[in-house]
Every structure is written in structure tokens, then in C-alpha cells.
Amino acid sequence: MFETPRVLDAQGLLDKAFRKASKATTAKGRTREERTKNLAVAKIQAAGDALASTLESYIKGFPSLDRIPPFYRELIDVTVGVAALHKHLAAADWARTKILELSRQSARRVQAARGAADVGSVRREAFGRFSSVVKQIGTNLDALEAARRPLKRFPDLDPEAPTIVVAGYPNVGKSSFVARVSTAKPRIAPYPFTTQGVTVGHFDVGYTRFQILDTPGLLDRPMDQRNPMERQAISALAHVAGVVLFILDPSETCGYPLSSQMRLLDTVRESFPDAPVLVVEAKADLARTDLGRPAMSTVTGSGVQKVLDEAVRLATRSAPASAPRARAG
Ligand SMILES: Nc1nc2c(ncn2[C@@H]2O[C@H](COP(=O)(O)OP(=O)(O)OP(=O)(O)O)[C@@H](O)[C@H]2O)c(=O)[nH]1
Ligand SMILES: [Mg+2]
């Protein structure tokens with residue numbers, strides 16, 4: 001979703017800047033001294049500008065924290081941490097300003113220097129100060145590089161599109177359903193916590209594009225004990241769900257009793273009273289409760305279309321008769 005450029009570490013950033021500086025090999029001037037000074041200034045500026053512009057590209061590459069939609073803000077909070085990201089970006093900006101200031105100062109000192117040796121030592125000192133500023137933000141640069149990866153994986157959501165959020169216990173068949181009805185190609189595996197973050201798939205009904213969000217499995221436990229993966233699922237439920245498709249696994253082959261799954265369902269209903277919740281039973285080829293809930297099997301395909309149609313109807317909130325019919329893939 002967010003295309004942030006790769007963030008170099010302190011040494012990588014300095015190498016890049018000093019390489020730029022070493023490319024300046026001649027400078028104009030009437031006298032030999034003028035040429036020596038102008039060349040030193042050119043090298044300092046080349047390094048300083050390279051550092052400042054690279055840092056600026058990092059800062060601009062991250063989403064602006066006060067303008068992003070709540071869902072992304074919360075995703076950042078559960079993955080990287082909004083406060084932490086803010087701190088690291090502020091450090092990068094501090095270094096950028098400091099380097100430009102040092103660059104201007106050093107250029108003035110070069111002009112005031114007397115003799116080639118003096119010019120050389122001013123230039124070396126400028127490079128030394130650049131290094132020390134960049135090294136001071138070394139840990140911030142590393143943190144930004146680490147922050148970039150989860151940001152890149154964030155789902156690309158259309159805020160206008162009707163949205164189905166698929167939720168439930170781990171290993172109940174959420175991804176299997178999403179894979180069956182949409183463009184998404186989530187990983188499916190016979191163990192819990194296969195899905196590690198929120199991903200999005202699409203399908204069309206007539207001319208309407210629907211979004212379907214696959215989420216990591218949720219356990220029935222208090223919010224403060226939830227791991228970052230579960231919190232991603234919760235933020236999807238809180239901020240983007242037009243309808244929640246809650247999947248139960250009555251076969252319990254997911255590894256969790258149905259009673260725990262039902263308790264989670266109660267919590268979801270209480271926590272998100274505004275979103276309609278469609279409760280369905282998965283793995284109907286293995287077991288079902290006969291409690292009148294829609295049942296489906298993503299293995300045989302039975303019931304999948306019906307579940308999707310009902311989710312589409314709730315997501316668009318239109319009358320059943322006029323609801324467009326979805327096509328299960
Ligand atoms: N028999 C049967 N197995 C199913 C069905 N749907 C899913 N499975 C199996 O259940 C296991 C879990 O499926 P996933 O789709 O990965 O489940 P999930 O809910 O996305 O799991 P997490 O991402 O770990 O929360 C896999 O081994 C699937 O093949 C079904 O309808 N019938
Ligand atoms: Mg999954």
C-alpha cells in the first residue's frame with residue numbers, strides 16, 4: 001500500500017553521500033587557491049545535499065501521520081507504533097536540517113581558510129560532522145527500515161467500496177472462503193495463525209466492486225492480551241466492516257471448541273454493535289449444528305454462493321429482491 005523507499009543504514013547513507021562528493025573533481029576559479037576552495041565547497045555541498053535529499057525522501061515516503069484514515073493509523077499503531085514512527089521521522093528531519101546547516105557553515109569556513117592545508121582540514125572536519133550527525137540517528141534509520149515492511153504489506157483499501165470483513169477463530173477456514181470467492185490468494189494451512197495480517201481481495205457484482213478482507217484468527221480473550229496480529233483483525237472490524245462475516249467451525253477440527261468460538265462471537269457483537277454480523281458455519285462436509293445458520297464447505301463448494309449472496313446483500317444494505325447476485329469463483 002505505502003511505497004516507501006528502502007532506508008539505508010547510517011554507514012550505507014554516508015557511503016552514498018561520500019561517493020557523490022568524490023565525483024566532484026574540478027572547480028572553476030581564477031587562482032589556484034580559488035579553485036582549491038571551490039572544489040572543497042563543491043564536495044561538501046555534494047555530500048550534504050545527498051544526505052539531506054535522501055533523508056527527505058525517507059520522510060516523504062512514509063504516510064503523513066495526521067492525514068491517514070483511522071484504519072491505517074491503527075494498523076501503524078499495532079505494527080510499528082504511531083508514536084515510535086513519529087519519533088524516528090522527527091530524528092531524520094532533525095539530521096536533515098542539521099546537515100544543511102553544517103554544509104552552509106563549512107562552506108563559509110572554507111572561503112575564510114588560509115592555504116590548501118587549512119582548506120583540507122575544514123573539509124575533513126565537515127565530513128566528520130556529517131558522519132557524527134548521521135550516526136546519531138543510526139538506530140532511527142534502522143527502525144524506519146523495519147517499519148517500512150509492514151507498511152508495504154498493508155491492504156490497499158477503497159474507502160467507498162462495500163466491504164466484507166471475514167473474522168473468526170484461527171484455522172476455521174476464513175482464508176479458504178476468501179480465496180474461493182475473490183481475487184485474493186491467501187495462504188491456507190491446517191494450523192492456526194496462518195494469516196498474519198489483514199489482506200484484501202475483490203470481486204464484482206454487476207458493476208459494483210466489493211472488497212473482502214481476510215483477517216488473522218481471533219482468540220476469545222481480553223483486548224489487552226491480544227497480540228499485534230489479532231489487533232490488526234480488530235482494527236479491520238472497527239473501521240472498515242460494512243458487514244462482518246463471522247465463520248464458525250462446528251467440526252472443531254480448527255482445534256478450538258465451538259463454545260469458545262461462540263464467546264468470541266458475543267464479544268464481536270458487543271464491541272461492534274453498528275456492523276451487521278452474518279454468522280455462518282464452515283466445513284459443512286465434516287459437521288454442522290443444525291441451528292439454522294447458513295452452512296458451507298469450501299471443499300465441496302456447497303453453500304458458498306448462498307453465504308456470499310447474503311454477505312453482499314448485507315454489505316450493500318439493499319432489499320433482498322434488488323440485491324445483485326454474486327458469483328463465487
Ligand atoms: N474439510 C474441510 N476443511 C476445510 C474447509 N475450509 C477450510 N478447511 C481447512 O481448514 C484449514 C484452515 O483453513 P484456512 O482457510 O487456512 O483457515 P483460516 O481461518 O484462514 O486460518 P488462520 O489464518 O490460521 O486463522 C485448512 O487445512 C483448510 O484446508 C472445509 O470447508 N472443509
Ligand atoms: Mg487465514
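The values are calculated or read from the model by the stated rules, or taken from the named source; none is laboratory data. Just so it is clear, the structure is predicted and the values come from calculations on it, not from any experiment. Positions of Cβ are backbone-derived with ideal geometry, glycine not excepted, and every protein chain shown enters the neighbour counts.
Tabulated results
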{"read-out": "Residue list for region 16-36, restricted to those being outside any helix (DSSP H, G or I) and of a type in the set (Ser, Thr, Tyr)", "value": "THR25, THR26, THR31"}
{"read-out": "Condition check for GLU3: over 28 Å from VAL119 (Cβ atoms), within 19 Å of the chain's Cα centre (by Cα) and not in a helix (DSSP H, G or I)", "value": "yes"}
{"read-out": "All positions within region 181-199 that are within 9 Å of ligand 1 (Cβ to nearest atom) and out of contact with any strand residue (DSSP E or B) (no Cβ under 7 Å at 6 or more places or on another chain)", "value": "ARG187, ILE188, ALA189, PRO190, TYR191, PRO192, PHE193, THR194, GLN196"}
{"read-out": "Check on ILE212, in the same structural domain as VAL280 (by TED's automatic domain parsing) and within 20 Å of VAL240 (Cα to Cα)", "value": "yes"}
{"read-out": "Given (1) surrounded by fewer than 17 Cβ atoms within 10 Å (Cβ to Cβ); (2) within 16 Å of ligand 2 (Cβ to nearest atom), index of the condition LEU291 fails", "value": "(2)"}
{"read-out": "Options ALA287, ALA282, ALA311, ALA295: the member that is of a type in the set (A, V, I, L, M) and at pLDDT below 95", "value": "ALA287"}
{"read-out": "Region 49-73 residues that are outside any loop (DSSP other than H, G, I, E, B), paired with ones that are of a type in the set (Asp, Glu) and at pLDDT below 90 (beta carbon under 8 Å, 6 or more apart)", "value": "GLY61/GLU3"}
{"read-out": "Residues within region 244-263 that are more than 19 Å from PRO186 (Cβ to Cβ) and away from ligand 1 (no atom under 12 Å from the Cβ), tallied", "value": "6"}
{"read-out": "Only listed residue being over 30 Å from LEU157 (Cβ atoms), in contact with a helix residue (DSSP H, G or I) (Cβ under 9 Å, 6 or more places away or on another chain) and not aromatic (Phe, Trp, Tyr), chosen from LEU65, LEU55, LEU85, LEU14", "value": "LEU14"}
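Residues are listed down the side, and each one gets a yes or a no for (1) surrounded by 19 or more Cβ atoms within 10 Å (Cβ to Cβ); (2) closer than 12 Å to VAL166 by Cβ; (3) at pLDDT 95 or above:
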{"site": "ARG187", "(1), (2), (3)": "no, no, no"}
{"site": "THR194", "(1), (2), (3)": "no, no, no"}
{"site": "THR199", "(1), (2), (3)": "yes, yes, no"}
{"site": "ALA233", "(1), (2), (3)": "yes, yes, no"}
{"site": "VAL244", "(1), (2), (3)": "yes, yes, yes"}
